[in-house]
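Below: one structure, written as structure tokens.
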Amino acid sequence: MTATKILYVDDEAMALKYFERLVGPIAPVITANSVQEGQQVLQERGDEIAVLVSDQRMPGAHGNELLRYAREHHPRIVRMLTTAYSEMGEAIEAINAGEIFRYITKPWDLESLRADLKNALELAELRGERDSLLREKMLVQQQQLLASRIGQLALVCAGFASGEHPVGLAMFLDSMQTVGCKAPAIDWRRLDHADLTQSEVQRGTAVGQLLVQWQQEFDAGDGTHSPREALALLARSLPGCTSTGADGLLLTDRSAMAWLLEAPAQEEPTPERVAWLAWLLWLGRPVQLYEAQGGWTLQMDGSGASQLPLPPDWLADAIDAIGRNAI
């Protein structure tokens, strides 16, 4: 939704009507008669508002409090303060605190008022375009990180897992398409590209070491665990997991399955976060995962098949599908 409206807040009914009549030809106007009502409008219709103009002197709370609230919760909105000459010090304080774009003195000069509001609307439009470009850029970077993590898991599985690791990884990636996967968050205020690369390498190494530990757990040290015993161990180890029988589980915690791909950058892996992939790698054969009431039902394939007929481009297809459908 494109924000095009101006919110004007003033406790004087005549001022609200006068402002709406003067500014209406420029942009749609929403009015409120108190700071509290202004906050409510922002909460309910903030996406529609491009510019907020507030009177300073109002009963209960002053306008700069509303502007401060808008800065914290709706930073995209261009904020302006209207005040009398005798309150100029408060306007200057609001400017210095970064709460407003400009102040408008009362009584208003019609031409100056309209000019200031046109400038504010243009600034709001530029901010919207900037935010849109930043969102697109962040989405591309998040999708790139998601694809990188899938490729990294393929290398980690090949280096640390034994047996039919391509089948296990394929089952893991299929499960991500079943439960849905979020694009991982990146805080570029704290990270640059080199920091992110280092963090992801360290993360991959830690995941590989945990895979080895899990393989030993599922093998019981001497390879005596049966698939059902390993499934019972998974049920005890995976958060939000309960048994539905000898060959099945109910999984209710989506993040316990998807963490490896969707976790924010620099979050460290734990045994519980690696358990799902580790079990699929250890099992090395097809499983069935489908939506059920309260979560997802896992059922082991009773056929005992040891591998799937994976097509040559299965990994590329999985990367494309997961990235395209990331939630």
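Things to note:
- Take the Cα of His74, go 7 Å toward its beta carbon, and the backbone nitrogen atoms of segment 1-26 under 16 Å from that spot belong to 1-10.
- Acute angle (nearest 10 degrees) that the helix 13-23 long axis makes with the longest principal axis of the chain, alpha-carbon atoms: 80 degrees
- Entry note, the chain: the mean residue ellipticity at 222 nm calculated from DSSP H runs of n ≥ 4, each adding -39500 (n - 2.57), is -18000 deg cm²/dmol after division by the residues and rounding to the nearest 500.
- On Cα atoms only, tilt of 227-237 relative to the major axis of the chain in degrees: 30 degrees
- Straightening the chain between Ile26 and Gln288 buys 88.4 nm, computed as 0.36 nm per residue apart minus the Cα-Cα spacing.
- Charge tally in the Cβ shell below 12 Å around Arg236, where Lys, Arg are +1 and Asp, Glu are -1, Arg236 excluded: -3
- Cα shape, segment 5-108, gyration tensor, a/c 1.5 rule: rounded
- Straightening the chain between Thr244 and Trp188 buys 15.9 nm, computed as 0.36 nm per residue apart minus the Cα-Cα spacing.
- Count of lysine pairs in the chain with Cα separation under 20 Å (8 or more residues apart, or interchain): 6
- Contour excess over end-to-end distance, with Cα ends at Gln216 and Glu37 and 0.36 nm allotted per residue: 58.3 nm
- Neighbour-count ranking [beta-carbon atoms within 10 angstrom, fewest first] of Met58, Met171, Met138: Met138, Met58, Met171
- Using the Karplus relation 6.51 cos²θ - 1.76 cosθ + 1.60 with θ = phi - 60°, the per-residue 3J(HN,Hα) values for segment 245-262 come to x, 5, 10, x, 9, 10, 9, 10, 9, 4, 5, 5, 8, 9, 4, 4, 9, 9 Hz, with x marking Gly and Pro.
- The fewest-to-most ranking of Glu72, Glu48, Glu217 by surrounding Cβ atoms within 10 Å reads Glu72, Glu48, Glu217.
- Charge dipole magnitude, Cβ of K and R +1, D and E -1 - segment 113-172, Cα centre, debye nearest 20: 100 debye
- The chain, dipole about Cα centre (Lys/Arg Cβ +1, Asp/Glu Cβ -1), debye to the nearest 20: 320 debye
- Estimated inter-spin distance, Leu110 and Thr4, nm [label 7 Å along Cα→Cβ]: 2.4 nm
- Principal-axis tilt of helix 110-160 within the chain, Cα atoms, nearest 10 degrees: 10 degrees
- Sequence of Leu280, Leu231, Leu113, Leu310 once ranked by neighbouring C-beta atoms within 10 Å, starting from the fewest: Leu310, Leu113, Leu231, Leu280
- Charge dipole (the chain, unit charges on Cβ, about Cα centre) - positive-most of Gly24, Gln293, Val274: Gly24
- Pair Arg130, Asp317: separation of 7 Å Cα→Cβ label points (nm): 4.5 nm
- Label selected from (1) 86, 41, 32; (2) 64, 49, 31; (3) 79, 44, 33, the criterion being Cα extents along the principal axes in Å as computed here: (1)
- The chain, relative contact order [Cα under 8 Å, separation at least 6], %: 15 percent
- With K and R counted +1 and D and E -1, the other residues having a Cβ less than 10 Å from that of Asp11 yield a net charge of -3.
Just so you know, all these numbers are worked out from the coordinates, no wet-lab data involved. Since the structure is predicted, the reported quantities are computational estimates derived from the model, not experimental observations. Quick reminder, even Gly has a Cβ in these numbers, built from the backbone with ideal geometry, and neighbours come from all protein chains shown.
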